[in-house]
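*Asks:* First, the structure itself, so that you have it in front of you.
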Amino acid sequence: MITFDSHSTDPYYNLAFEEYIFTVFREEDVFLLWRNRPCVVVGSCQNICREVKIWALRQRGIPVLRRISGGGAVYHDPGNVNYSLMTRQEESGADYDRSLAPILAALHAMDVPAGKRRTCDLAIGEEKISGSAQRMAGGRLLHHGTLLFDADLAALEEISVQGKNPCVQTKGTQSAICSVTNIRWHLAEDMTTEEFQRRLLERMVPSPADHLELTEAQRREVCRLAEEKYRSWAWTWGKTPAFSYQRSGIFQGAPIAISYQSKKGILSEVKISSPLLDGDLAASLLNGAQLDPENLEQICRTLAGAEGHELLPLLL
């Protein structure tokens, strides 16, 4: 088992770092640990508009990214430790028990009273501390997951749990809603997130000789992948599953009704009915527009001027 240090909390870099290592280092088992600054990461087949409160993310300056595996949406911050386990697996199909076993053993060695719950979760009692997902490619298995050690659970609750949007009708994968807790709250002896990460890594990759570094050329390739894929509209928003949207509400004290279709990240059949807005202008600006909060916020400001920021939450 070998490991690499990303030396970064940039979520775009870290998702690219993980994919690069999974693609390039194919002969040995690999274990990675990494942390991100606040962000939301959705599964490859998820509808962002259904899973998170987009306008709340924009207010907080928190980005949304799409990963290469399936599964549900997860909130990352520096108190959440992400792990990646890459192994050979010739047979197809998910095998969560085999992948979770060494993680559980490492946690038990640190006296974390965790156990497997449901198909791919770890929990303390009935409260979730970890969710995981998998991807198979070329006889290699990527199993990766979160470990809630000292995360901001109030932010997680607001953004992802309470952020589900019932106005979105979609066939995209929906996240399960579970009670969560932080590992740190259940330790007999307290430790920092950094100490937890160090001790977990030592359990999984005990030999210092197996702690490796990417070359400068390899890091440039990771940066290129981060820029060209993970920061791109095509990957993040363009892969959003088709959905229909219908919502009624109040805008500037007057009733408003909004409906549209979205396919491959492009809006169509837009209808906005409000005594304060020009419905024909709205349709002309929004039909064919890319599903992207920044782009749609600019259109909202064109339609409603200074009050455009109040229109965006109704549109998404």
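*Asks:* Can you pull out the trypsin sites (Lys or Arg not before Pro) in the stretch 140-249 that DSSP calls coil and that have at most 13 other Cβ atoms within 10 Å? Intermediate results must be reported in sequence, preceding the final value.
*Replies:* Numbers: sites: Arg140, Lys164, Lys171, Arg184, Arg198, Arg199, Arg203, Arg219, Arg220, Arg224, Lys229, Arg231, Lys239, Arg247; in loops: Lys164, Lys171, Arg231, Lys239.
Sparse-neighbourhood loop trypsin sites (Lys or Arg not before Pro): Lys171.
*Asks:* If a helix is a whole DSSP H run, which ones in the chain reach 18 Å or further along their own axis (Cα) and hold a mean Kyte-Doolittle hydropathy of at least -0.5? Display every interim value, and only then the final one.
*Replies:* On the way: long enough: 11-24 (19 Å, 0.23); 96-109 (20 Å, 0.59).
Sorted by number, the helices that extend far enough and score high enough are 11-24, 96-109.
*Asks:* List the aspartates and glutamates whose alpha-carbon lies under 19 Å from that of Lys229, not counting same-chain residues fewer than 8 positions away?
*Replies:* The reachable aspartates and glutamates, counting only those whose Cα sits under 19 Å from Lys229, are Asp10, Glu18, Glu19, Glu221, Asp292, Glu294.
*Asks:* With only Lys, Arg, Asp and Glu charged, each at its Cβ (+1 for the first two, -1 for the last two), find how big the charge dipole of the stretch 61-168 is about the Cα centre; round to the nearest 20 debye. Write down the numbers at each step before the final one.
*Replies:* Details: 11 positive and 13 negative charges, 98 e Å.
The dipole magnitude comes to about 480 debye.
*Asks:* Could you work out the helix-only [θ] at 222 nm for the chain, with each DSSP H run of four or more residues adding -39,500 (n - 2.57) and the total divided by the number of residues, to the nearest 500 deg cm²/dmol?
*Replies:* Numbers: 11 runs with 97 residues, N = 316.
Helices in the chain give a 222 nm mean residue ellipticity of -8500 deg cm²/dmol.
*Asks:* So for Trp233, Trp34, Trp55, what's the accessible-area order with a 1.4 Å probe, most first? Present the calculation step by step, with values, prior to reporting the outcome.
*Replies:* On the way: Trp233 60, Trp34 10, Trp55 95 Å².
From most exposed to least exposed: Trp55, Trp233, Trp34.
*Asks:* About the Cα centre of the stretch 170-292, what is the dipole size in debye to 20, counting +1 per Lys and Arg Cβ and -1 per Asp and Glu Cβ, all else neutral?
*Replies:* On the way: 15 positive and 15 negative charges, 104 e Å.
Result for the stretch 170-292 is approximately 500 debye, rounded to the nearest 20.
*Asks:* Just to make sure I understand: if all protein chains stay in place, what is the order of Cys39, Cys223 by accessible area at 1.4 Å, largest first? Intermediate values should be presented prior to the final figure.
*Replies:* Values: Cys39 0, Cys223 70 Å².
These residues rank, largest area first, as Cys223, Cys39.
*Asks:* Counting only other residues whose beta carbon sits under 11 Å from that of Gly265, what net charge do I get with K and R as +1, D and E as -1?
*Replies:* Values: positive: Lys239, Lys263, Lys264; negative: Asp292.
Surrounding charge for Gly265 is +2.
*Asks:* Let me ask something additional. Loop only per DSSP, at most 11 neighbouring Cβ atoms within 10 Å: give me the GluC sites (Glu not before Pro) in the stretch 172-255, ordered by residue number. Don't skip to the answer; put the middle values down first.
*Replies:* Values: sites: Glu189, Glu194, Glu195, Glu202, Glu213, Glu216, Glu221, Glu227, Glu228; in loops: Glu189, Glu213.
Hits after loop and neighbour filter: Glu189, Glu213.
*Asks:* Residue by residue, what Karplus-based ³J(HN,Hα) values in Hz, rounded to whole numbers, does the stretch 75-90 have, using 6.51, -1.76 and 1.60 with θ = phi - 60° and x for Gly and Pro?
*Replies:* Once rounded to whole Hz, the list reads 9, 10, 8, x, x, 10, 9, 9, 10, 9, 10, 10, 9, 7, 7, 6.
*Asks:* Using +1 at the C-beta of Lys and Arg and -1 at the C-beta of Asp and Glu, which of Ser232, Asn36, Thr3 has the Cα lying farthest in the positive direction of the dipole of the chain?
*Replies:* Result: Ser232.
*Asks:* Considering only protein heavy atoms, with the full assembly of protein chains and a 1.4 angstrom probe, order Arg37, Arg117 by accessible area, largest first. List each step's numbers first, then the result.
*Replies:* Details: Arg37 110, Arg117 60 Å².
Most to least solvent-accessible, the answer reads Arg37, Arg117.
*Asks:* Report, ordered by chain and residue number, the lysines lying within cross-link reach of Lys128, taken as a straight Cα distance under 27 Å and ignoring same-chain residues fewer than 8 apart.
*Replies:* List returned: Lys53, Lys116, Lys164, Lys171.
*Asks:* Still on this model: Using unit Cβ charges (K, R positive; D, E negative) and no other charged atoms, how large, in debye to the nearest 20, is the dipole of the chain about its Cα centre? Mind dumping the intermediate values first?
*Replies:* On the way: 34 positive and 40 negative charges, 193 e Å.
My answer is approximately 920 debye.
The values are calculated or read from the model by the stated rules, or taken from the named source; none is laboratory data. Bear in mind the structure is a predicted one, so any value in this text is a computation, not a measurement. Using ideal geometry, Cβ is built from the backbone for each residue, glycine included, and neighbour counts are taken over all protein chains shown. Surface accessibility is based on the protein's heavy atoms, side chains included, excluding ligands, DNA and RNA. Shrake-Rupley method; radii C 1.70, N 1.55, O 1.52, S 1.80 Å.
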